[in-house]
Amino acid sequence: MKNTVATARQQKKDGDKITMLTAYDYSTAKLMDESGINMLLVGDSLGMVMLGYEDTISVTMEDMIHHTAAVSRGAKNSLVVGDMPFMSYQASIFDAVTNAGRLMKEGRCNAVKLEGGASVCPQIKAITESSIPVMAHIGLTPQSINAFGGFKVQGKSEEAAKKLLEEAKAVEEAGAFAVVLECVPAKLAALISEKISIPTIGIGAGAGCDGQVLVYQDMLALFSDFKPKFVKHFADVGSLMKEGFKAYIKEVKEGTFPAEEHTFKIDDEVIEKLY
Ligand code: KIV
């Protein structure tokens, strides 16, 4: 069954946790889709885990459309969310609607995600009114890394916690169909999840959220530059890949690969005529 914004809403009502992972390419999206994941996020985290940038700031609309289209081709049942990169929506409502439209039209995603609370509510409202569902993202918003001064847990003081709850209510009011809570204390994330009617998707926000999202390179131990506290390695695919690469190198060097069964035949008579 195809996951939609309506099924996500129903999952919250039913207490059925929403599962989401990032994906950036066709083959991985297809594997995740076949595994039964509810949502795929083509995150601008691709700047770090796929392209090797130190943050997400340099990611462009062209990068996002290219990867979103690949993921959409691999996703049959999952809801695909395309991430709006830095400066594709902040400057004006016109930019926001135009770029969200490009992501949906050219990337064929089912929804877009953008970072920020009250300050981007006019954009959320305008995009939603253009029939493009919006997933909001509050708490630690990596595109604001220079304003935050580092990757830090958000909403710890009374004032900051109140502000985060207000931001969650504001994005709901503006029309967002769901909201990502990133690096938020677990008790605050659980309270926000109770106080708003749209699903909360947590990353570093505890088990009280309505769903969870992780960067897939993190959860499969494919990304080794650093490991945030909220990441769990569900499989050590990084080591498995290295084992495979080493075995390939060894067999090529030894001449045991390719073997007979990997080669194509030709009649000896044809070859003899070439000598
Ligand atoms: O870009 C991304 O992958 C994200 C998730 C971490 C939520 O925004």
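The values are calculated or read from the model by the stated rules, or taken from the named source; none is laboratory data. Values in this document were obtained by computation on a predicted structure and should not be read as measured data. As a convention, Cβ positions derive from the backbone with ideal geometry for all residues, glycine included, and neighbour counts pool all protein chains shown. Note: accessible area is taken over every heavy atom of the protein model, side chains too, but ligands, DNA and RNA are not part of it. Shrake-Rupley method; radii C 1.70, N 1.55, O 1.52, S 1.80 Å.
Consider the stretch 62-85. How many of its residues are more than 19 Å from VAL213 (Cα to Cα), touching a Lys or Arg at 6+ places or on another chain (Cβ under 9 Å) and surrounded by 18 or more Cβ atoms within 10 Å (Cβ to Cβ)?
Total satisfying the criteria: 2.
Residue by residue through the stretch 1-49, note down the ones that are part of a helix (DSSP H, G or I), of a type in the set (Gly, Ala, Ser) and under 27 Å from THR60 (Cα atoms). Break it down stepwise before answering.
Our first condition is that a residue be part of a helix (DSSP H, G or I); within the stretch 1-49, this holds for 5-14, 26-35, 46-49.
Applying the additional criterion that residues be of a type in the set (Gly, Ala, Ser) yields 6, 8, 27, 29, 35, 47.
Listed by number, the residues that qualify are SER27, ALA29, GLY47.
Taking the conditions exactly as written (of a type in the set (Val, Ile, Thr), open to solvent by 80 Å² or more (accessible area, probe 1.4 Å) and either more than 22 Å from LEU79 (Cα to Cα) or not in a helix (DSSP H, G or I) (or both)), does ILE249 satisfy them or not?
When the stated conditions are applied, ILE249 passes them.
Give me the residue from the stretch 158-176 that is of a type in the set (A, V, I, L, M, F, W, C) and open to solvent by 20 Å² or more (accessible area, probe 1.4 Å) and, out of that set, nearest to VAL134 (Cα to Cα). Walk me through how you get there before you give the answer.
Kept after step one, since they are of a type in the set (A, V, I, L, M, F, W, C), are these residues of the stretch 158-176: 160-161, 164-165, 168, 170-171, 174, 176.
Narrowing the set further to residues that are open to solvent by 20 Å² or more (accessible area, probe 1.4 Å) leaves 160-161, 165, 170.
Working: ALA160: 24, ALA161: 23, LEU165: 18, ALA170: 13 Å.
Here the answer is ALA170.
So, of the residues in the stretch 20-47 that are open to solvent by less than 30 Å² (accessible area, probe 1.4 Å) and more than 17 Å from ASN110 (Cα to Cα), which turns out to be nearest to the ligand (Cβ to nearest atom)? Break it down stepwise before answering.
Just the residues of the stretch 20-47 that are open to solvent by less than 30 Å² (accessible area, probe 1.4 Å), to begin with: 20-24, 28-29, 32-33, 37-47.
If we keep only those that are more than 17 Å from ASN110 (Cα to Cα) too, we end up with 28, 45-47.
On the way: THR28: 13, SER45: 3, LEU46: 7, GLY47: 8 Å.
Only one residue fits best here, namely SER45.
Looking at this structure, is PHE234 within 14 Å of the ligand (Cβ to nearest atom) and open to solvent by 30 Å² or more (accessible area, probe 1.4 Å)? Before you say what the answer is, go through the steps one by one.
Details: within 14 Å of the ligand (Cβ to nearest atom): no; open to solvent by 30 Å² or more (accessible area, probe 1.4 Å): yes.
Considered against the rule, which asks whether it is within 14 Å of the ligand (Cβ to nearest atom) and open to solvent by 30 Å² or more (accessible area, probe 1.4 Å), PHE234 comes out as no.
List pairs: first in the stretch 94-118 and over 27 Å from ALA160 (Cβ atoms), second within 16 Å of the ligand (Cβ to nearest atom) and of a type in the set (Gly, Ala, Ser), Cβ under 7 Å, 6+ apart or cross-chain?
Taking only residues 6 or more apart or on different chains, the pairs are ASP95/SER88; ASN99/SER88; LEU103/GLY82; GLY107/GLY82; CYS109/GLY82.
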